[in-house]
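The values are calculated or read from the model by the stated rules, or taken from the named source; none is laboratory data. Small disclaimer: the values here were computed from a predicted structure and weren't measured. When we count neighbours, we look across all protein chains shown, and the Cβ atoms used for this are built from the backbone with ideal geometry, even at glycine. Accessible surface areas use protein heavy atoms only, side chains included; no ligands, DNA or RNA. Shrake-Rupley method; radii C 1.70, N 1.55, O 1.52, S 1.80 Å.
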Amino acid sequence: MATITIQTRDGSNPQNKPKLYVCAHPEDYAEHFSRVASEIWDARDVALCHESQPLADMPDDDFFTDLQEIRLAVVIVTERFLSEPGSARDVILPYFIAHNVPVLPLVRGTISDGLFEKVLGDRQYLSSHTED
């Protein structure tokens with residue numbers, strides 16, 4: 001059964017805090033999640049939600065019910081995220097797009113713009129490698 005982990009900046013109760021969902025390719029969490037979480041918490045006191053482990057199967061209805069509380073989906077975009085299958089790209093991201101949840105792509109590393117557009121459409125993104 002798929003579950004969502006909820007973390008706050010100081011370990012406080014997430015109740016009454018805006019919920020942001022952070023998703024990435026499973027192999028990118030270890031490298032990028034802590035830094036992205038820190039950057040978000042430096043800006044806002046929010047509850048960060050993410051998969052407790054990669055989804056093996058299609059999640060049940062309870063999983064999607066929990067996603068209804070999400071105010072913003074933060075997607076850690078790497079070449080691996082764009083090119084390899086994964087629940088974040090193939091299940092969770094389409095859910096947010098279909099339900100009009102704002103999606104903020106954070107690009108880490110070098111990516112193919114064509115592949116980005118194929119997966120995320122014409123969305124703008126933030127990159128740690130540009131100074132725009």
* Structure fact -> On each of the three principal axes the extent of the alpha-carbon atoms of segment 81-132, given in whole Å and largest first, is 31, 23, 15
* Length gain on complete extension for the stretch S83 to W41, per 0.36 nm per residue less the alpha carbon to alpha carbon distance? -> 12.2 nm
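Rounded to the nearest 0.05, what FRET efficiency do R9 and D90 have when you use their Cβ-Cβ distance and R0 = 22 Å?
E(calc), rounded to 0.05, equals 0.15.
About the Cα centre of the chain, how large is the charge dipole given +1 on each Lys and Arg Cβ and -1 on each Asp and Glu Cβ? Please answer in debye to the nearest 20. Write down the numbers at each step before the final one.
Details: 11 positive and 22 negative charges, 61 e Å.
Here the size comes out at about 300 debye.
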* To do: Normalising by the residue count of the chain, find the relative contact order in percent from Cα pairs under 8 Å and 6+ residues apart.
  => 28 percent
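Highest mean first, what order results for 109-119, 67-77 on Cβ atoms within 10 Å?
Details: 109-119: 13.7, 67-77: 19.5.
The packing order, highest mean first, is 67-77, 109-119.
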* How much length is gained if the chain between K118 and A98 is pulled fully straight, taking 0.36 nm per residue apart and subtracting their Cα-Cα distance, in nm to one decimal? -> 5.6 nm
* Structure fact -> Computed over the chain, protein heavy atoms only, probe 1.4 angstrom, the accessible area per residue in square angstrom equals 58 Å²
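Considering only protein heavy atoms and a probe of 1.4 Å, how much of the accessible area of the chain is carbon and sulfur, as a whole percent? Walk me through the intermediate numbers first.
Numbers: 3510 of 7620 Å².
Roughly 46 percent, rounded to a whole number.
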* **Environment charge of D28, counting only residues whose C-beta is closer than 14 Å and scoring Lys/Arg +1, Asp/Glu -1** => -1
